[in-house]
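Beneath this line is the structure, given in structure tokens, with notes to follow.
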Amino acid sequence: MRAGVRDEEHGPGRGREPEPGGGDGTPGRRVLGRETLLVLALSLGASALSALISFVGSLTRPGGLKDQAARLNGSYAPDRPWLDLAWQLFGIATALVPVLLVAHLLTREGPGSGTGSGPGLGRIGFDLRRPWSDLGRGAVVAAGIGGSGLLLYLGARASGFNLTVVPESLPDVWWKIPVLIASAIQNSVVEEVIVVGYLLRRLDQLGWSPVAALAASSLLRGSYHLYQGIGGFVGNVVMGVIFVWLYRRWGRVGPLVAAHALIDIVAFVGYALLAGRVDWLPTG
């Protein structure tokens, strides 16, 4: 039956045709645009807005930024370790839900829809095809970015452009280090899958230029770190540029997840072990 005849039979809205998608099963641009905004609104886009509000609050509070603290991995019930652990695990698990959503959305794409070795997250190179290569590359990247990032943070704080970042304030219980490691891995998976792999793929499909997509991804990464101050914003924008360049070069998110996880593990666990024991590490 012709589309026009069918529309007449169904009343209002006749003559409209569905927006065409890709021949590989990928939805049309309008649908992809709405999808991308919704994914960001449920994840790092919301985090960016929250960080901006937090930064404005810090700027308008009496005293300098370096006299204020940005606290990560805090306790929910310090007097009840079992309840605290339950909340910690709940927070880590629910933070990963947007990644599952992205995996579902990427699974809809057909086999001919671009680079990648398989359905779902395999399309952006987040799979187990090259575990040792991903880990090795990630370790090299982490070594290069981690040290320079620490120096940038210390310099920005000393100059009054950054809050004092407190990576953890958990009680000294048996699950402290495992939870910090799990939190670091969760951060790395959420950020690299969404802000690099997924976002760049969607922006490419929406017709953005590589430079515009790089800017969007990097500025988004910097913006959801604004709660740390100007230093946190600038440092993460630079990290974002590097990570986008590496993703374009390697075509895989895996090494970036490994690098980010290693950086955060060293930051979280290192702070837990060194805070109050060395003079050069600021504490809140």
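Hey, among Leu214, Leu203, Leu180, which residue is of a type in the set (A, V, I, L, M, F, W, C), buried (at least 22 other Cβ atoms within 10 Å of the Cβ) and in a helix (DSSP H, G or I)?
On the way: Leu214 fails: buried (at least 22 other Cβ atoms within 10 Å of the Cβ); Leu203 fails: buried (at least 22 other Cβ atoms within 10 Å of the Cβ).
When all the criteria are applied, what remains is Leu180.
Confirm whether Gly122 is over 20 Å from Val195 (Cα atoms), open to solvent by less than 80 Å² (accessible area, probe 1.4 Å) and assigned to a helix (DSSP H, G or I). Break it down stepwise before answering.
Values: over 20 Å from Val195 (Cα atoms): no; open to solvent by less than 80 Å² (accessible area, probe 1.4 Å): yes; assigned to a helix (DSSP H, G or I): yes.
For Gly122, the condition - over 20 Å from Val195 (Cα atoms), open to solvent by less than 80 Å² (accessible area, probe 1.4 Å) and assigned to a helix (DSSP H, G or I) - is not met.
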Practice item. May I ask you to list the residues in the range 241-253 that are open to solvent by less than 10 Å² (accessible area, probe 1.4 Å) and part of a helix (DSSP H, G or I)? Key: Phe243, Val244
Check your understanding: Which condition does Pro171 not pass, out of (1) open to solvent by 40 Å² or more (accessible area, probe 1.4 Å); (2) assigned to a loop (DSSP other than H, G, I, E, B), if it passes all the others?
Key -> (1)
Check your understanding: Taking the range 60-87, which residues are in a helix (DSSP H, G or I), among the aliphatic types (A, V, I, L, M) and at pLDDT below 95?
Key -> Leu65
Revision key, fill the gap. With the first residue restricted to the range 76-101 and required to be over 27 Å from Asp127 (Cβ atoms), and the second required to be among the charged types (D, E, K, R), Cβ contacts under 8 Å at 6 or more apart or on different chains are Tyr76/Asp84; Ala77/Asp84; Pro78/Asp84
Exercise for review: Filter the range 51-108 down to residues that are closer than 30 Å to Val253 by Cβ and among the charged types (D, E, K, R), then give me how many there are.
Suggested key: 2
Revision key, fill the gap. Per the filter on the range 22-43, residues among the hydroxyl-bearing types (Ser, Thr, Tyr) and at pLDDT below 90 are Thr26
Review point. Filter the range 71-110 for residues that are over 18 Å from the mean Cα position of the chain (by Cα) and buried (at least 17 other Cβ atoms within 10 Å of the Cβ); which is farthest from Pro282 (Cα to Cα)?
Key: Glu109
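The values are calculated or read from the model by the stated rules, or taken from the named source; none is laboratory data. Being a predicted model, the structure only gives us computed values, none of them experimental. Heads up, the Cβs are rebuilt from the backbone with ideal geometry, glycines too, and the neighbour counts pull from every protein chain shown. The protein model used for the area step is the full one, side chains on, heavy atoms only, and it has no ligands, DNA or RNA in it. Shrake-Rupley method; radii C 1.70, N 1.55, O 1.52, S 1.80 Å.
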